[in-house]
Amino acid sequence: MFKWFKGKNKDSNKEEIGQDLNINKKQDKNPGFFEKLVSGLSKTRDNMSNKIDNILSMYKKVDEELFEDLEEVLVTADVGVNTTMELIDRLRERVKSEKVNDPNDVKELLKDEIKLLMNESIADNSLNIEPSPAVVLVVGVNGVGKTTTIGKLANSFKNSGKKVLIAAGDTFRAAAIEQLEEWSNRAGVDIIAHSEGADPAAVIYDGIHAAKARKTDILICDTAGRLHNKSNLMNELNKIFRVLEREYENATREILLVLDATTGQNAINQAKIFKEAANITGVALTKLDGTAKGGVVIALQAELGLPVKLIGVGEGMDDLQPFKTDEFVDAIFN
Ligand SMILES: Nc1nc2c(ncn2[C@@H]2O[C@H](COP(=O)(O)OP(=O)(O)O)[C@@H](O)[C@H]2O)c(=O)[nH]1
Ligand SMILES: [Mg+2]
């Protein structure tokens with residue numbers, strides 16, 4: 001059992017959506033939950049685990065050619081060149097020090113090294129939302145799933161007994177505000193919105209003051225994802241950060257970067273740009289259902305040191321899950 005966040009829950013008797021990846025305990029309460037993760041990752045698993053099985057079955061002993069074939073599988077599964085090379089180097093060392101000769105034993109070692117590398121690169125995968133008040137600023141380029149993730153997250157926080165408020169900081173299109181309003185209705189949480197073309201920082205400002213007045217536990221802020229160029233992005237984000245700093249200095253902060261897993265290496269490039277522009281504290285990786293590019297998770301944590309905190313596995317309200325490194329690696333390697 002683990003939580004979205006550190007610390008104690010206000011109302012621990014309430015059913016909490018998406019908090020538990022332990023199939024045995026949760027299965028009757030929340031049927032299909034772990035299955036959804038496993039089936040959502042089926043393409044990534046085919047692309048990685050099944051290919052690795054095929055390669056290993058072709059070898060009689062562990063040699064350099066085997067390592068090269070494994071390297072190719074990892075790179076084509078979007079693990080990224082640097083992370084792959086690091087992994088294969090470590091695997092080579094393990095094989096040597098543990099005197100492994102049977103190719104069938106290599107998979108467990110690789111799985112283990114992936115877990116080790118991902119875990120040693122980051123401190124923790126839980127959202128920074130304790131203690132209250134907290135603010136979750138959601139950033140990322142257009143279409144990655146920011147608004148959808150905010151809706152799912154608001155719903156989940158609310159179900160765990162939190163008082164939630166949403167600020168519609170993407171003022172670029174009227175439709176973006178309407179879409180967020182629809183999600184806030186579905187989740188049953190309040191929303192602060194201005195009209196199209198308003199200054200995003202002013203919306204966040206109002207959101208903060210409403211959150212203070214209403215004693216909100218968590219304020220979730222949407223932002224526009226126009227990534228014309230880096231200086232533009234930095235200017236927009238800096239303005240919002242200044243407002244947060246000045247008006248909500250004592251709030252616990254999560255700066256959540258949303259990335260679309262289907263874009264593979266592009267997601268990694270976006271992460272690099274946003275990391276330079278803002279102090280990103282976590283990643284929500286969406287659209288893991290139906291993509292073979294789930295290997296990006298490994299590079300995000302191992303290479304960029306960005307903790308993946310949430311994963312999106314569908315378009316519905318309940319299709320957001322807290323991320324746990326070991327479970328994820330088990331799910332794509334089983
Ligand atoms: N399959 C799938 N679709 C998603 C997921 N998250 C978001 N989407 C879809 O991606 C599209 C863009 O999402 P939106 O939240 O509007 O992105 P935004 O522009 O970043 O706010 C919508 O059609 C969503 O339904 C996910 O985890 N899985
Ligand atoms: Mg949006």
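As a calculated quantity, the FRET efficiency between E276 and E98 at R0 = 45 Å, using C-beta atoms, amounts to about 0.70. Taking every C-alpha pair closer than 8 Å and separated by at least 6 residues, the mean separation divided by the residue count of region 134-280 gives a relative contact order of 35 percent. Computed over region 72-123, the Cα gyration tensor eigenvalues convert (square root of 5λ each) into semi-axes of 19, 14, 9 Å, ordered from largest to smallest. Summarised as an ellipsoid, the chain has semi-axes of 38, 21, 16 Å, derived from the eigenvalues of the Cα gyration tensor scaled by 5 and square-rooted, with the largest first.
Treating each Cα of region 25-149 as one equal point scatterer and applying the Debye formula with no solvent, the log10 of I(q)/I(0) at q = 0.18, 0.20 Å⁻¹ comes out as -1.09, -1.19. Computed from the Kirkwood radius of its Cα pairs, the Stokes-Einstein diffusion coefficient for region 33-102 at 10 °C and 1.306 mPa s stands at 120 µm²/s.
Once the C-beta distance of N235 and E35 is scaled by a Förster radius of 41 Å, the resulting FRET efficiency is 0.35 to the nearest 0.05. Based on alpha-carbon atoms, the Kirkwood radius and the radius of gyration of region 149-259 give Rg/Rh equal to 0.94.
Rounded to whole numbers, the Karplus 3J(HN,Hα) couplings from phi for region 85-93 are 4, 4, 5, 5, 4, 5, 5, 4, 4 Hz, using 6.51 cos²θ - 1.76 cosθ + 1.60 with θ = phi - 60°, and x at Gly and Pro. Remark: spin-label model distance V81-E68 equals 1.7 nm, labels positioned 7 Å along the Cα→Cβ axis. Pairs K51/K230; K99/K309; K43/K272; K215/K287; K152/K275; K43/K324: which exceed 29 Å Cα-Cα? From K51/K230; K99/K309; K43/K272; K215/K287; K152/K275; K43/K324, over 29 Å: K51/K230; K99/K309; K215/K287. Taking 7 Å steps out from each Cα toward its Cβ at R173 and D105 produces label points 5.6 nm apart. What whole-number value in Å² describes the accessible area per residue of region 134-280 for a 1.4 Å probe? Computed with neighbouring chains in place, this is 39 Å² per residue. Taking region 202-226 and a reference point 7 angstrom along Cα→Cβ of E181, the backbone N atoms nearer than 20 Å belong to 202-208, 210-211, 220-225. For the listed peptides 272-278, 37-43, 77-83, 295-301, a ranking on the average number of other beta carbons within 10 Å per residue, highest first, reads 295-301, 77-83, 37-43, 272-278.
Short-range pairs are left out: with C-alpha atoms under 8 Å and at least six residues apart, the relative contact order of region 34-127 is 28 percent.
Note on the chain: with neighbouring protein chains present and a 1.4 Å probe, carbon and sulfur make up 46 percent of its accessible heavy-atom surface.
Summary value for the chain: 26 percent relative contact order, contacts being C-alpha pairs under 8 angstrom separated by 6+ residues. Ranked by the mean number of other Cβ atoms within 10 Å of their residues, highest first, the peptides 99-105, 193-199, 264-270, 279-285 come out as 279-285, 264-270, 193-199, 99-105.
The values are calculated or read from the model by the stated rules, or taken from the named source; none is laboratory data. Just so we're clear, the structure is a prediction, and the values are computed from it rather than from any experiment. In this analysis, Cβ positions are derived from the backbone assuming ideal geometry, glycine residues included, and neighbour counts consider all displayed protein chains. Keep in mind that these areas ignore ligands, DNA and RNA; they rest on the heavy atoms of the full protein, side chains included. Shrake-Rupley method; radii C 1.70, N 1.55, O 1.52, S 1.80 Å.
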